[in-house]
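Below is one structure, written out as structure tokens; comments come after it.
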Amino acid sequence: MSSLKSKILVVATDLFQTRGINSTGVDTIVAVAGTTKMTLYKYFTSKENLILEVLEKGHQDFQSWLSEKLNSNAKKPSEKLQKLFEFIEEWVTSPNFRGMGFIKASAEFPNEESAVHQLSSEQSRQFRQYISSLATEANIQDADGLALQLSLIFEGAVQAEQMKRGSGAMKYAKKASKILIDSALTN
């Protein structure tokens, strides 16, 4: 990836997270990135295409970070499941946390026909599937059910933290997830 394309992605990510996607125009992105519309459109055929790439990169970065943390800090599948919210809490409470792209994007693009909404929905499903695979590896009988419960807790806590940093939502989400995970592991 060219350094200019990377810079545009970084700038767009920051602006989308801090100002909102719909509130951030292409003119603002190119001004902050120190480039031109022509250059932006050379790398991204439309603002929608740029939004989709920002969402893809953010989701991949989060999934890679989380997988790395779990794989390097837990050996058994049940340990990975039990440490899941510990690391999510670390991510949410970090100074660089600005929310979860797919949650924000789905709110700004509520039309289910929108490519941005569809990608947001798919990323939510992929995260739930990731949790389900951890639960399956840990021999949880209703892995999909547990994954749905945990993803609802995760998305709600992230939303609360996006609305008010330091709300404590993640601390309580972690406690609730521990109860669900411990119960699922003993059944």
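Each value in this text was obtained by applying a stated rule to the coordinates, not by laboratory testing. A quick note: this is a predicted structure, and the numbers were derived from the prediction, not measured. Every residue, glycine as well, gets a Cβ built from its backbone with ideal geometry; the counts of neighbours run over all protein chains shown.
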Report the Cα centroid-to-centroid distance between region 60-126 and region 26-58 in angstrom, as an integer. 23 Å
Report, in order of residue number, the helices in the chain meeting two criteria: a C-alpha extent of 27 Å or more along the helix axis, and a mean Kyte-Doolittle hydropathy of at least -1.0; treat each whole DSSP H run as one helix. 47-73, 115-137, 143-163
Can you give me the Rg/Rh ratio for region 71-121, using Cα atoms for both radii and the Kirkwood formula for Rh? 1.17
With labels modelled as points extended 7 Å from the Cα through the Cβ direction, what inter-label distance (nm, one decimal) is found for residue 49 paired with residue 27? 2.3 nm
Cα-based reach from residue 7 at 18 Å (exclusive), listing lysines while leaving out same-chain residues under 8 positions away: 37, 42, 47, 57
The convex hull of the Cα atoms of region 5-68, divided by residue count, gives a volume in Å³ per residue of 77 Å³
